[in-house]
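First the structure, in the form of structure tokens, and then the observations on it.
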Amino acid sequence: MDRFSALTVFRRVVELESFSAAADDLNYSKAAVSKIIKDLEAGLGAQLIVRTTRSLHLTDTGQAYFEKVSDILDAVAAADDGVRSDSGSPQGRLKISA
């Protein structure tokens with residue numbers, strides 16, 4: 001899985017406070033979401049989420065990472081929206097001959 005998708009999965013897990021809810025929301029299996037988070041943590045060399053059978057919570061590192069990841073994902077979404085709105089209407093000088 002690409003890094004962007006992994007960050008999106010991480011963000012949804014934190015926002016929904018559940019691996020199962022994030023899996024349902026993103027149309028992944030719970031095992032896939034768990035593996036994505038595990039691989040993300042392994043790649044970073046830090047634990048981001050403390051899991052128990054009934055709950056999960058962010059580590060201090062995970063909280064800082066979540067805030068930065070959210071800012072980045074929001075910026076990407078805003079950039080995408082800007083391109084979509086710009087490309088939807090003509091720009092520049094329009095010359096009409098009759």
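For this structure, a couple of remarks:
- Most mobile listed residue (Ser29, Ser18, Ser55) in the chain, GNM with C-alpha springs under 10 Å: Ser55
- Close amide H partners of Ile49, meaning residues 5 or more places away or on another chain with modelled amide H under 5 Å apart, are Thr59.
- Label point distance in nm, Ser5-Leu73, each placed 7 Å from Cα along Cα→Cβ: 1.5 nm
- P(r) tail fraction, the chain - alpha-carbon pairs more than 18 Å apart, %: 54 percent
- Accessible area in square angstrom per residue, the chain, 1.4 angstrom probe: 71 Å²
- Evaluated with a Cβ-only charge set (Lys, Arg +1; Asp, Glu -1), the chain carries a dipole of roughly 240 debye about its Cα centre, given to the nearest 20.
- Carbon and sulfur %, accessible surface of the chain computed with the full protein complex present, 1.4 Å: 52 percent
- Across the chain, the mean sequence separation of Cα contacts (distance under 8 Å, 6 or more residues apart), normalised by length, yields a relative contact order of 22 percent.
- For region 9-15, the Karplus equation 6.51 cos²θ - 1.76 cosθ + 1.60, evaluated at θ = phi - 60°, returns couplings of 5, 4, 4, 5, 4, 5, 4 Hz by residue, with Gly and Pro reported as x.
The values are calculated or read from the model by the stated rules, or taken from the named source; none is laboratory data. No experiment lies behind these values; they were computed from the predicted model shown. Please note: Cβ atoms are built from the backbone with ideal geometry, for glycine as well, and neighbour counts cover all protein chains shown. All accessible areas refer to the heavy atoms of the entire protein, side chains included, with ligands and DNA or RNA removed. Shrake-Rupley method; radii C 1.70, N 1.55, O 1.52, S 1.80 Å.
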